[in-house]
Each structure stands twice: as structure tokens, then as C-alpha cells.
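To keep things clear, I will list the structure first and then write my remarks on it.
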Ligand code: PHE
């Protein structure tokens, strides 16, 4: 491939970078509120099944074809199947990456504002009502959320310009473990709050009557979103993995890290809600309202709050880096564009769309399509429709067209890894995953209409 393509230096490098992509606002911001809106415990069980039974095989499928081809999401399909129309799957993934970054950038921008609020000690003495009010005052304002969104996209672009090795790997390896330690500390405080058991019960005691078919689709969409699969990030990252690294264990480790952080994210939020006596369990403001409340109840909460929101923005950054890498590597590989030009072009488009997403909470809140604001529409369609169908086509491609021998060879790096496990996964990819994803997608469509 092109001489400016890098490689991850070690297996730890791959895990750190792919986990950096997976762990982000999806775990701390999106998972708790989607789980809350869909009934808690029952949603959680379905989610876990999807992550390991479908998510891991999809991630492995992406790694395998990405590494085999050594290309971006589109080029991988074009190279492996020049005659078919599979490249459309790659193209849809690139579009999904741009759309996800556009609304993700809004929320990532909020985290920067919350770093500022934490530094200025603005949470002090605020009760739930005041915290919700200040969240909505900020998100509905027409200026600062835009400024922070642009700052965030620009920051991502700067890191992408540094290249794969230098930029992404270093940032991920150092800061993610730190965030993890902080989350554990906050969780310990959350579960020791008065009334915490009510929150934990909501999260861990399944109430099946509260789970709808649409909730099942949302669980699948959330699994795909959280693992960064179904749209080409892991294909692109796969292209940077060295040929002699077995893939299976790597994917399981990444999915486990991601799931643990999502669970911890929810453990921070729900006991705190129960402690505050709050009724609502959903909405995109959920963590931005509950976390400041728990910091107030922690010794050293002032410092915790600053560090937490700072590291949360870093977690978001390692995810947006992986999102931007998708269109950038596409433009570099396919149009021979310089990395610099590709980065500028992609981030400009993202900022443009990001403006509409960011203003969805204020100026454009009345502008809706299918009853959803632009932000909600981007969020819903990418996770639940584009990633779900992306994942479906990827497993169909790998299961039925890529060749079982090729797949097992990639998973085990030519026999170095566990061959039996690789064969089991190839069966899941061929039959179980496509049927599972297909049933959820069709079922939702038939029962409720997809949007
Ligand atoms: N997985 C990321 C998160 O949970 C979001 C993301 C989705 C990143 C798709 C890349 C691709 O925050």
C-alpha cells in the first residue's frame, strides 16, 4: 500500500487503540440513557448477548478483511471483490462515520464545557433541578456549544495529521487506564450512597415487560455503536494490524473492556439517580446532570469532577480519531489526496453537519424530520439502521464470500492462534450472526416501523 500507511507496534498497541475507539461517550453518555429508556435490566441482558454473540464476530470479520486487503473501508471491498457491489457497504460506512462524528462532536463539545464548569466550581450546591436547568441553559444556547464542537473537531484533526503511530497510539495507551481508575472510584461512591440499591435493582433486575421489540433493536444498535463496528473503523484499523498478530483474543479483550466500562458507566448513574430521588431515567442529558451531583457527594469532588470530565473528553477524542480516520484513509487511498488535504476536507464537512446537530437543542429544536431533531435523527439512524445493516452485510460478506480458510487464517494469523475457536467463530459469522441481525432488523420494521 501507500508508503504513508503505518502499523501498530505491538499487540498492546492494537488493543489500546481499538479499545480507545470503542470506549467513549457511547459507554458513559449513551449506554446509561438508552438502557434507562428501555427498561434497565432486561435491556442489559440482551445487550450483553449481542456484544459477545454478534459484536465480537463482526469485529473479527472487519479486522480480517481490513488486514487482508490493507485498505480503507471502501478499498477493502473493492480490492477483495472487484466485480461485486460490496464496495457500497464500505461507502455506507464512510457516510456513517461522518454522520456519527457530526452528532458525537456536539456531545464531545459538552464535555469540554463541563471541564470548564468543573474548574470554575459551578456545580457546588446545585440540586438536581438546578443541574438540569444549567444543562439545558447551556445546550440550548446558540454560541458556546458550537464553539466547543468546532474546537473538538479541530483537535481531532490535529491528531490525525500526526499519523497513526505517533498520534493515536501514544494518547490511548496512557490516558485510558487513568480514566478507568477514576470511574471505579466514582462507582464506589455511587454504590455506597443512601438508596443506591434501588438504582442497582433497576439496572440488574430484569423486568421483561419493559423491553419492547424496538428496545431489542436499540440494544443491537448500541452494541454496534459502542464497539465501533458496522461502519469500517475496525476495517480501517485492521489494515494497520501486523500480519503475525492473531485476532480472536484481541477482539474478545476489546469487547470485554468496552462492556466493563459501559457497565461501570451505568453503575455510576443509576444509584445516583435513586439517591437523588429522580423519576426520569433517560435523555441525552442524563450523565451531565447526575455526575455533577455525585461529585458533590465525594470527598475531593472538586478535583474528581475536573479530572473526570477531562478524561471523558480524552475518551471521546480517541473515538473521534477513529471516526475521522475512516474518511481520511478513504480519501488518501482512493483519491491520492495528501493526508493534510483529506483531513481538512473531512473535518470541514463534519463541522458543517455538526452545526445542525449542535443547534438541534436550541435554535433548531422545532425543526424535525420523522418527529426527530437532526441530532436525534443522526443518532438514531446511524446506530440503529446504518450500523445494523452495515454489520449484517459485513458478516454476510465474510461468511459467504470471503472464504472460510481465509477467515480462519486471518483470525489465527496462519495457525498461531486458537484454531478451534476460530472455526466456531466462522460458523457464527456464516449463520448465527446474519440470522440474528436480520431477525432483529426485519422484526422491528414489521412490528413498529423503523423510525
Ligand atoms: N464506540 C464509540 C463510543 O462508544 C463511538 C464510535 C462509533 C466510534 C463508531 C467509532 C465508530 O463512544
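Scan the stretch 229-241 for residues that are within 9 Å of residue 387 (Cα to Cα) and either near the ligand (Cβ under 7 Å from one of its atoms) or at pLDDT below 95 (or both) and jot them down.
Start the filter on the stretch 229-241 by keeping residues that are within 9 Å of residue 387 (Cα to Cα), which leaves 229-231.
Of everything in the stretch 229-241, just one residue is within 9 Å of residue 387 (Cα to Cα) and either near the ligand (Cβ under 7 Å from one of its atoms) or at pLDDT below 95 (or both), namely 231.
Would you mind listing the helices (runs of 4 or more DSSP H) fully within the stretch 8-118 where at least 2 residues are within 14 Å of the ligand (Cβ to nearest atom) and within 23 Å of residue 312 (Cβ to Cβ)?
Here the list reads 11-22, 31-37.
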Original post:
Among the listed residues 264, 276, which satisfies the condition of being over 22 Å from residue 429 (Cα atoms), surrounded by fewer than 24 Cβ atoms within 10 Å (Cβ to Cβ) and under 17 Å from the mean Cα position of the chain (by Cα)?
Top reply: 264
Subject >> Scan of the stretch 118-132 for residues that are surrounded by 20 or more Cβ atoms within 10 Å (Cβ to Cβ) and under 25 Å from residue 156 (Cα atoms), ordered by number >> reply: 118
Original post:
Can you tell which of 157, 190 is buried (at least 18 other Cβ atoms within 10 Å of the Cβ) and within 22 Å of residue 28 (Cα to Cα)?
Top reply: 190
Subject >> Residue within the stretch 182-197 that is within 22 Å of the chain's Cα centre (by Cα), within 16 Å of the ligand (Cβ to nearest atom) and farther than 27 Å from residue 304 by Cα present >> reply: no
**OP:** State which residue pairs qualify: first residue closer than 14 Å to residue 162 by Cα and within 16 Å of the ligand (Cβ to nearest atom) and inside the stretch 322-338, second residue at pLDDT 95 or above and not in a helix (DSSP H, G or I) in any location, beta carbons under 8 Å apart, and separation of 6 or more residues or different chains.
**Re:** 322/228
**OP:** Assess whether residue 60 counts as being over 26 Å from residue 103 (Cα atoms), in contact (Cβ under 8 Å) with a residue 12 or more places away in the chain and surrounded by 24 or more Cβ atoms within 10 Å (Cβ to Cβ).
**Re:** yes
Original post:
Got a number for residues in the stretch 363-388 being surrounded by 17 or more Cβ atoms within 10 Å (Cβ to Cβ) and in contact with a helix residue (DSSP H, G or I) (Cβ under 7 Å, 6 or more places away or on another chain)?
Top reply: 11
Original post:
Among the residues of the stretch 400-412, how many are buried (at least 18 other Cβ atoms within 10 Å of the Cβ) and in contact (Cβ under 8 Å) with a residue 40 or more places away in the chain?
Top reply: 5
Original post:
Cβ-Cβ below 6 Å, separation at least six or inter-chain, first residue in the stretch 87-102 and at positive phi, second in a helix (DSSP H, G or I) and more than 13 Å from the ligand (Cβ to nearest atom): which pairs?
Top reply: none
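A quick yes/no check of all residues on (1) within 14 Å of the ligand (Cβ to nearest atom); (2) in contact (Cβ under 8 Å) with a residue 12 or more places away in the chain; (3) in a helix (DSSP H, G or I); (4) touching a strand residue (DSSP E or B) at 6+ places or on another chain (Cβ under 6 Å):
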{"residue": "218", "(1), (2), (3), (4)": "no, yes, yes, no"}
{"residue": "246", "(1), (2), (3), (4)": "no, yes, no, no"}
{"residue": "260", "(1), (2), (3), (4)": "yes, no, yes, no"}
{"residue": "267", "(1), (2), (3), (4)": "no, yes, yes, no"}
**OP:** Select, from 36, 40, the only residue that is under 22 Å from the mean Cα position of the chain (by Cα) and on the phi > 0 side of the Ramachandran plot.
**Re:** 40
**OP:** Sort through 324, 345, 312, 359 and tell me the only one that's surrounded by fewer than 19 Cβ atoms within 10 Å (Cβ to Cβ) and under 24 Å from the mean Cα position of the chain (by Cα).
**Re:** 345
Original post:
Scanning the stretch 375-399 for residues that are within 13 Å of the ligand (Cβ to nearest atom) and closer than 11 Å to residue 103 by Cα, which turns out farthest from the chain's Cα centre (by Cα)?
Top reply: 378
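The values are calculated or read from the model by the stated rules, or taken from the named source; none is laboratory data. Computed from a predicted structure; not experimentally measured. Cβ: placed from backbone, ideal geometry, glycine included. Neighbour counts: every protein chain shown.
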